[in-house]
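The values are calculated or read from the model by the stated rules, or taken from the named source; none is laboratory data. All of these numbers come straight from a predicted model, not from anything done at the bench. Cβ: placed from backbone, ideal geometry, glycine included. Neighbour counts: every protein chain shown. Protein only, heavy atoms only, side chains kept; ligands, DNA and RNA dropped before computing areas. Shrake-Rupley method; radii C 1.70, N 1.55, O 1.52, S 1.80 Å.
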Amino acid sequence: MSVKKCACSPLQEHRAKFQPVLPNILKKGPAFVKPKLGKPTKSVADQATVKKIFPNTYGLPAITFVKGNNAALCKKAVRVGVVLSGGQAPGGHNVIGGLLDGLKKANSKNKLFGFLGGPSGIVDNKFIEITPALMQEYRNTGGFDLIQSGRTKIETDEQLAAAKNNLLKNKLDALVVVGGDDSNTNACVIAEYLKQKGVDISVIGVPKTIDGDLKNEHIETSFGFDTATKIYAELVGNIERDMNSARKYWHFVRLMGRSASHITLEVALKTHPNAVLVGEEVLAKKMTLGQVVKNLVDLIVKRAKAGKNYGIVLVPEGLIEFIPEMKELISALNDSLADNEAALTKLSTTAQKKEFILAKLPKKLADLMRSLPDGIASQLMLDRDPHGNVQVSLIETEKLLVEMIKTELSALKKAGKYTGKFSAITHFFGYEGRCGVPSTFDATYTYALGYNAAVLALNKCSGYLSSVRKLTRKAQDWEVGGVPLTMMMNIERRKGKEKPVIKKALVELKGEPFKYLAKNRIAWAEQDLFVFPGPIQFFGPAEVTDITTYTLMLEQGKKIK
């Protein structure tokens, strides 16, 4: 399979010349750093179970790279494979570029191979060699189009055996998996399997996801989060400017991020919208859907009394799953639809199916289902994934809120308690942010992650995630090393089975980013304190081009404007 050369825009031509700054510790190359081992680690939860599943890779020490003579590891030429797994994120190509440069710096005969189409490329043995000439066309670009990505999980005995055989057939010394929590869980599974089989091939992960939910003390942020949130913030800022000009619409913006609200929170910090829904807060307060709607209605009524029949609300993609009663309803629907599949096939209309299922639900959940707009109720009934579960990410939560708000406002108007006008426009920003040209931060961070992954591979550190830390400092002062993948594991129920997975990092309600929102949200709600971030800047003063996320700055004790 050949890689198609892309046409270049003027920006892309200039961006290709950008040289990411390496952390000082890596500048001389892999021959001049050595791994410093920390204390043995343990998983974040379920230690005994995780250790039993990963006996060969559990308890590894965290690694920090320090100065030292390590020339011996550069003498033998090595072959390394890389695979992009899961959804796209800005900066993936620079991970590969950093990986290639780190390998070539160690030994010009080292080779890098990219598996095509994600993990299925490993199983099917489809790959290309990534040469410096080929890589040059993709440096500092968005997307994963150099080798593409995929969501295949290598977990069955047949898949694991095929992967092992193909890695051996191609005489690879290491495999680098670029992905999110699920993909890096899979990387750990492969690393453990190879150890069990006595195969000396290292497996290293790289933290990728725009959702921002792959983070801990060693992984301060996943790559792509910075760029994606800057893109979304630009769009939200544009809407705010338009809304502030027209002053007649309420905008409801749903933002990508199903399992955590990091994107929504970061965009809010950048733009100061009138209302921000944070799923983790809704869950902690055990709010009902009705309470969420009432809070928004109260805000709309209050602004209308001030002559402001306009505003903007940010909604996380996964809000529905954070509302306890909705989560209970979805779980009950999944069970009822599965248990009554044969009977449902005999019913011809959606209305008949809905009434049939309503009769099977507890009264509380049946009443909740009846309160939902018909379109949303139909989505809950009909839009199922291959496993028979509701596809929550497809539910247009922003439209659900608008319809329910309209109903409440209509009742208030009839009661003489509301005299304003409510015209709503809905938006969903998701794919717009996944393949943008990486920001200067992400271009630099991903290059360092890839280069660091090369050093981990050369040092045969299997079962580790590439870690670059102290990210609010200048890039040359960043610290690098590796964090054991098992250290981030816990046990969760997936598809009816208990499985080890890397624990998702949710918005921390006691954390500084959320506390900043809580401190300012009343002022943002009542006043028009909008901020218009504008597009990502690649050229200009450092405080414009190099700034990272407000989330990261607040977490590390920095002040934001």
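Looking at segment 58-69, which of the residues that are in a loop (DSSP other than H, G, I, E, B) and in contact with a strand residue (DSSP E or B) (Cβ under 7 Å, 6 or more places away or on another chain) is surrounded by the most Cβ atoms within 10 Å (Cβ to Cβ)?
The extreme case among them is L60.
Just the residues that are charged (D, E, K, R) and either within 15 Å of D124 (Cβ to Cβ) or assigned to a helix (DSSP H, G or I) (or both), please, taken from segment 147-196.
R151, K153, D157, E158, K164, K169, D181, D182, E192, K195
Across segment 323-366, what is the number of residues that are acidic (D, E), closer than 26 Å to L401 by Cβ and out of contact with any helix residue (DSSP H, G or I) (no Cβ under 9 Å at 6 or more places or on another chain)?
1
Can you run down the residue pairs with Cβ atoms below 9 Å, 6 or more apart or on separate chains, where the first is in segment 308-334 and part of a helix (DSSP H, G or I) and the partner is of a type in the set (S, T, Y) and open to solvent by less than 20 Å² (accessible area, probe 1.4 Å)?
That search, which allows pairs on different chains as well, returns L319/S261; L319/T264; L319/T397; I320/T397; F322/S261.
From V544, V455, which residue is modelled with pLDDT of 95 or more and not in a strand (DSSP E or B)?
Only one candidate passes the filter, namely V455.
Which ones in segment 260-289 are open to solvent by 40 Å² or more (accessible area, probe 1.4 Å) and on the phi < 0 side of the Ramachandran plot?
L283, A284, K285, T288 - these are the residues of segment 260-289 that are open to solvent by 40 Å² or more (accessible area, probe 1.4 Å) and on the phi < 0 side of the Ramachandran plot.
With outside any helix (DSSP H, G or I), open to solvent by less than 30 Å² (accessible area, probe 1.4 Å) and closer than 30 Å to A284 by Cα as the only criterion, which of V501, V531 stands out?
Answer to the selection: V501.
Give the residue, chosen from K75, K36, K52, that is of a type outside the set (G, A, S) and surrounded by 12 or more Cβ atoms within 10 Å (Cβ to Cβ).
Step by step, each of K75, K36, K52 is checked, and only K36 is of a type outside the set (G, A, S) and surrounded by 12 or more Cβ atoms within 10 Å (Cβ to Cβ).
Can you name every residue in segment 37-57 that is in a loop (DSSP other than H, G, I, E, B), touching a Gly at 6+ places or on another chain (Cβ under 9 Å) and farther than 14 Å from M488 by Cβ?
Once the filter is applied, which keeps residues that are in a loop (DSSP other than H, G, I, E, B), touching a Gly at 6+ places or on another chain (Cβ under 9 Å) and farther than 14 Å from M488 by Cβ, segment 37-57 yields only N56.
Could you please find all residues in segment 433-485 being out of contact with any strand residue (DSSP E or B) (no Cβ under 8 Å at 6 or more places or on another chain) and polar (S, T, N, Q)?
S439, T440, T444, T472, Q476
Condition check: surrounded by 21 or more Cβ atoms within 10 Å (Cβ to Cβ), assigned to a loop (DSSP other than H, G, I, E, B) and at negative phi. Does L471 satisfy that?
yes
Being in a loop (DSSP other than H, G, I, E, B), open to solvent by less than 10 Å² (accessible area, probe 1.4 Å) and of a type in the set (A, V, I, L, M, F, W, C) is the filter here, so list the residues in segment 116-143 that pass it.
Correct list: I130 only.
Could you check how many residues of segment 329-379 are of a type in the set (D, E, K, R) and surrounded by 15 or more Cβ atoms within 10 Å (Cβ to Cβ)?
Number satisfying all stated conditions: 3.
Take the conditions modelled with pLDDT of 90 or more, under 30 Å from K305 (Cβ atoms) and open to solvent by 70 Å² or more (accessible area, probe 1.4 Å) and apply them to K413. Does it pass?
yes
Given the structure, is V44 open to solvent by 70 Å² or more (accessible area, probe 1.4 Å) and among the β-branched types (V, I, T)?
The answer is yes for V44.
Going by the conditions given, is N110 open to solvent by less than 10 Å² (accessible area, probe 1.4 Å), at pLDDT 95 or above, under 15 Å from G98 (Cβ atoms) and out of contact with any Leu (no Cβ under 8 Å at 6 or more places or on another chain)?
For N110, the condition - open to solvent by less than 10 Å² (accessible area, probe 1.4 Å), at pLDDT 95 or above, under 15 Å from G98 (Cβ atoms) and out of contact with any Leu (no Cβ under 8 Å at 6 or more places or on another chain) - is not met.
Being surrounded by 24 or more Cβ atoms within 10 Å (Cβ to Cβ) and under 16 Å from P90 (Cα atoms) is the filter here, so list the residues in segment 240-259 that pass it.
Listed by number, the list holds a single entry, G257.
Filter segment 416-435 down to the residues that are out of contact with any Lys or Arg (no Cβ under 8 Å at 6 or more places or on another chain) and surrounded by 19 or more Cβ atoms within 10 Å (Cβ to Cβ) and list them by number.
Scanning segment 416-435 gives Y418, G433, R434, C435.
Looking for something of a type in the set (S, T, Y) and under 17 Å from Q391 (Cα atoms) - is there at least one such residue anywhere in segment 310-328?
no
Looking at segment 380-389, is at least one residue closer than 30 Å to S423 by Cα, modelled with pLDDT of 90 or more, among the aliphatic types (A, V, I, L, M) and out of contact with any Pro (no Cβ under 8 Å at 6 or more places or on another chain)?
No, segment 380-389 has no match at all.
Looking at (1) out of contact with any Ser or Thr (no Cβ under 7 Å at 6 or more places or on another chain); (2) in contact (Cβ under 8 Å) with a residue 60 or more places away in the chain, find the lone condition where K285 falls short.
Among (1) out of contact with any Ser or Thr (no Cβ under 7 Å at 6 or more places or on another chain); (2) in contact (Cβ under 8 Å) with a residue 60 or more places away in the chain, K285 violates only (2).
For the condition part of a helix (DSSP H, G or I), among the aliphatic types (A, V, I, L, M), farther than 17 Å from L277 by Cα and at pLDDT 95 or above, what is the one hit in A304, A343, A338, A351?
Among A304, A343, A338, A351, only A304 is part of a helix (DSSP H, G or I), among the aliphatic types (A, V, I, L, M), farther than 17 Å from L277 by Cα and at pLDDT 95 or above.
Can you name every residue in segment 222-239 that is buried (at least 24 other Cβ atoms within 10 Å of the Cβ) and in contact with a Ser or Thr (Cβ under 7 Å, 6 or more places away or on another chain)?
Result: S222, F223, G224, F225, D226, T227, T229, K230, A233, V236.
Give the residues of segment 437-452 that are in a helix (DSSP H, G or I) and over 16 Å from K36 (Cβ atoms), sorted by residue number.
Listed by number, the residues that qualify are T440, F441, D442, A443, T444, Y445, T446, Y447, A448, L449, G450, Y451.
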